[in-house]
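To start, the structure itself, in structure tokens.
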Amino acid sequence: MYEYFEGVITVVTPSYVVVDVGGVGYKVYSPTPFAYTQGQKAKVFIEQVVRDTGITLYGFQSQDDKGLFLKLLSVSGIGPKSAMAIMAAEDSNSLAEAIEQGEVKYLTRFPGVGKKTASQIVLDLKGKLGDYVARLDRPDNGEDVPPALNDALLALIALGYTQKEVDRITPKLEKVAADTADQYIKKGLALLLKK
């Protein structure tokens, strides 16, 4: 239902933050609540989880971290609390690399993850995080990319193109004189459709 909240962080606790969006305070559980500071204006990427016991909001600093959380949730035996504990205990890049390398022993050091669960994580996710690891390993990691281009690259991935395909055309898009994400998307689609 929610993609992200953009507002002011009014409360920071060891397990959650409160994001004030237009006068409404949303309690958002985060694996890294202390990455935020009280009074800071922030964009928090949201995943809403509905259970019999209630509706809970989970928040992340980036779309990539939210994606990793969703991948962890897809593993049998991993619920939102376990996924959050795993992400809180390790930086996302190292976690993704450990899964890709099939390091079961490494994964058992996370809270609530035994050998069986660690093996299940590797079984379910190995080979599915390559794009994630490659994206984090890119030296620029989007820092020098104009916001409109960055939005366009994310949109192309959302349209079903692989990270590899998008990475292939990114240097060409960086040379394009465009002001909006739509202009970049149109040019990107034209490049992707060229064989």
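The values are calculated or read from the model by the stated rules, or taken from the named source; none is laboratory data. Keep in mind that what you see is a predicted model, and the values were worked out from it rather than measured. Using ideal geometry, Cβ is built from the backbone for each residue, glycine included, and neighbour counts are taken over all protein chains shown. These accessible areas exclude ligands, DNA and RNA; they are computed on the full protein's heavy atoms, side chains included. Shrake-Rupley method; radii C 1.70, N 1.55, O 1.52, S 1.80 Å.
Some observations on this one:
- Under the condition of being among the hydrophobic types (A, V, I, L, M, F, W, C), open to solvent by less than 50 Å² (accessible area, probe 1.4 Å) and either in contact with a Ser or Thr (Cβ under 9 Å, 6 or more places away or on another chain) or at pLDDT 90 or above (or both), the residues counted in segment 68-92 number 9.
- Near pairs, Cβ below 6 angstrom, 6+ apart or cross-chain, from segment 72-94 (in contact (Cβ under 8 Å) with a residue 12 or more places away in the chain) to any residue that is in a loop (DSSP other than H, G, I, E, B) and among the aliphatic types (A, V, I, L, M): Leu72/Ile78
- From Leu123, Leu95, Leu173, Leu129, residue being surrounded by 15 or more Cβ atoms within 10 Å (Cβ to Cβ), modelled with pLDDT of 85 or more and not acidic (Asp, Glu): Leu173
- Any hit, segment 37-48, residues being of a type in the set (A, V, I, L, M, F, W, C), at negative phi and open to solvent by 80 Å² or more (accessible area, probe 1.4 Å): no
- Elements of the type strands (runs of 3 or more DSSP E) sitting completely within segment 1-98 and holding at least 3 residues that are of a type in the set (A, V, I, L, M): these cover 4-12, 16-21, 41-51.
- Subset tally (residues that are open to solvent by 50 Å² or more (accessible area, probe 1.4 Å) and either assigned to a helix (DSSP H, G or I) or in contact with a His (Cβ under 6 Å, 6 or more places away or on another chain) (or both)) for segment 99-108: 3
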